[in-house]
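Student: Here's a structure for you.
The values are calculated or read from the model by the stated rules, or taken from the named source; none is laboratory data. Here the structure is a predicted model, which is why all the values come from computation and not from measurement. When we count neighbours, we look across all protein chains shown, and the Cβ atoms used for this are built from the backbone with ideal geometry, even at glycine. For the accessible areas, the whole protein counts, side chains as well, though only heavy atoms, and no ligand, DNA or RNA atoms are used. Shrake-Rupley method; radii C 1.70, N 1.55, O 1.52, S 1.80 Å.
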Amino acid sequence: MQVRRLSLTNFRNYSRLELDLPGGVILLHGDNAQGKTNLLEAIYFLATTRSPHTSQDQQLINWDALLADEPVVVGRLVADVARPDTPAHLEMRLIVEDRGAWAGNGASGFRREALINRRQVRLMDLLGQLRVVLFLPEDVELATGAPANRRRYLNVTLCQVDADYCRDLSAYNKVLEQRNALLRRMAEGQARQSAEVLQILTDKLIEPGSRVWQRRARFITEMGHQAQEIYFQELIGGKESLRLGYLPGWHSNGRKTADGQLADGDWLQASSDAALIGERFAAELAAARATDLARGSSTVGPHRDDWAILVNGKNLGQFGSRGQVRTAILALKLAEINWMKATTADVPILLLDEVIAELDLHRRAALLAYVADQVRGKGMAQALLTATDPGMFPDDFLAQATSLTVAGGRVSADG
């Protein structure tokens, strides 16, 4: 899988860009704030329908276009994607129709449209058409940051390869929103005779929620095996062990030690029966009912999940050194590539944004050797890296890379 052509209109600092991309390694270099990261963001956005840098898609539209005296402003991201089965023409449109309303609250007057082969589809249908693995310096927060970061990682990664998971997650979130709205009204005394409705919504959570749990547990198990092999064999030479621990969002986990929570996660990872998971979910919801009513929100479910990276049995987010965390995240990202390849029989595009400068010499060499070996052996069709200084890359790596200079929203070939 690779992007053969990328077209951008009114996206970030690109008013207009038409860029043909070769296979193999592509090095995008230039000063800061010139548009290198924006190119990777555009490819990631087409793959996942979301930006890794902002939750407000309106911010992706070129500012000069918004200032122009036009009734409608359209940002367009288009990619021609080569795939093992059939090529695809992917497009995302970011449309501002009422700039007065948009400027007032940042939402009204703005909409998104997705197209596949020039036919409009649901945003969800775009997922899986293009698969990427993105590696950012701030990915260390997967170990040290808030649980929401780790849940987002699960959802973005799984939705690229599993449409059923994405549908179950969407259905679960829709019911969860309704249940939380009812719980808030009940907590404020505004909803009378709502116990039956609450039970109906509670029951509707169980089926999609159980499947979300089941799929997440299997993913963490599979990713853990891949990450351990890379960490043990390629990065640290067998000195430490790594595993991923699942911490499901169960009511009982609020009263358990970390080891107890991991034991619950182990049970979930070992369970292949969605019905058994559903029975456990129903019991947890019943146990949390009084708490939910008092707080006015749902305190049990996949939306409360967490997971941890464990090295020698210790949670890196709490006890890991900076070097351990970076090494573990590197292993996780390389494992993600292998997992996607094993799951889909195709290799995702690798996007590395200013990561090399953040790694020490040993980890930098390990990552570049992995990328070079994968591309040389045709195990990876395309990898895009950004850097301010090409001099940090070894000569043999640069020799096999296509180097492009990015300056002021323009891209040109070196030499």
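Student: Helix 163-187: angle to the longest alpha-carbon principal axis of the chain, degrees 0 to 90, nearest 10?
Tutor: For helix 163-187, the angle is close to 50 degrees.
Student: Which shape class applies to the chain: rounded if a/c is under 1.5, otherwise prolate when a/b exceeds b/c and oblate if not, where a ≥ b ≥ c are the square roots of the Cα gyration tensor eigenvalues?
Tutor: oblate
Student: To continue, here is another question. Rounding to the nearest 10 and keeping the result within 0 to 90°, find how far the Cα-based axis of helix 274-287 lies from the longest principal axis of the chain.
Tutor: For helix 274-287, the angle is close to 60 degrees.
Student: Also: To the nearest 0.05, how large is the calculated FRET efficiency for Leu19 and Ala187 if R₀ is 51 Å and r is the Cβ-Cβ distance?
Tutor: 0.45
Student: Can I ask one more? Check Ile26: other-chain or 5+ apart residues with amide H under 5 Å from its amide H, H built from backbone geometry?
Tutor: Ala383, Leu384, Leu385, Thr402
Student: What are the trypsin sites (Lys or Arg not before Pro) within region 224-327 that DSSP puts in a loop, where the Cβ has at most 14 other Cβ atoms within 10 Å?
Tutor: Hits after loop and neighbour filter: Lys239, Lys256.
Student: Provide the descending list of Cα extents for region 344-410 along its principal axes, expressed in whole angstroms.
Tutor: Principal-axis extents of the Cα atoms in region 344-410, largest first: 37, 31, 21 Å.
Student: Give the distance, in whole Å, between the Cα centre of region 303-356 and the Cα centre of region 110-182.
Tutor: First find each Cα centre; the distance between them is then 18 Å.
Student: Would you mind working out the magnitude of the charge dipole of the chain relative to its Cα centre, with +1 at each Lys and Arg C-beta and -1 at each Asp and Glu C-beta, to the nearest 20 Debye?
Tutor: Here the size comes out at about 820 debye.
Student: Assign unit charges at the C-beta atoms only (+1 for Lys and Arg, -1 for Asp and Glu), then state the dipole size of region 140-315 relative to its Cα centre in Debye, rounded to the nearest 20.
Tutor: Roughly 560 debye for region 140-315.
Student: Can you tally the lysine pairs in the chain where the Cα-Cα distance is under 16 Å and the two residues are eight or more apart, or on different chains?
Tutor: 4
Student: Binning at 10 Å from 0, report for region 15-104 what percent of all alpha-carbon pair distances ends up in each bin.
Tutor: Distribution as computed: 13, 43, 33, 10, 2 percent.
Student: Given 0.36 nm per residue, what is the gain on full extension from Gln178 to Ala290 after removing their alpha carbon distance, in nm?
Tutor: 38.5 nm
Student: Identify, among Val81, Gly30, Leu67, the residue whose Cα sits farthest towards the positive end of the charge dipole of region 1-150, taking +1 on the Cβ of Lys and Arg and -1 on the Cβ of Asp and Glu, with the dipole about the Cα centre.
Tutor: It is Val81.
Student: Just how many % of Cα pairs in region 140-315 lie over 24 Å apart, if you round to the nearest whole percent?
Tutor: 40
Student: Got the relative contact order for the chain handy, in percent, Cα pairs under 8 Å and 6 or more residues apart?
Tutor: This gives 24 percent for the chain.
Student: Report in % the part of the accessible area of the chain that belongs to carbon and sulfur, leaving out ligands and nucleic acids; probe 1.4 Å.
Tutor: Answer for the chain is 48 percent, counting heavy atoms of protein chains only.
Student: Translational D (Stokes-Einstein, µm²/s) of region 178-217 at 10 °C and 1.306 mPa s when Rh comes from the Kirkwood sum over C-alpha pairs?
Tutor: For these conditions, the coefficient is 142 µm²/s.
Student: For Ala88 and Phe319, what does the FRET efficiency come to when R0 = 51 Å and r is the distance between their Cβ atoms, rounded to the nearest 0.05?
Tutor: 0.70
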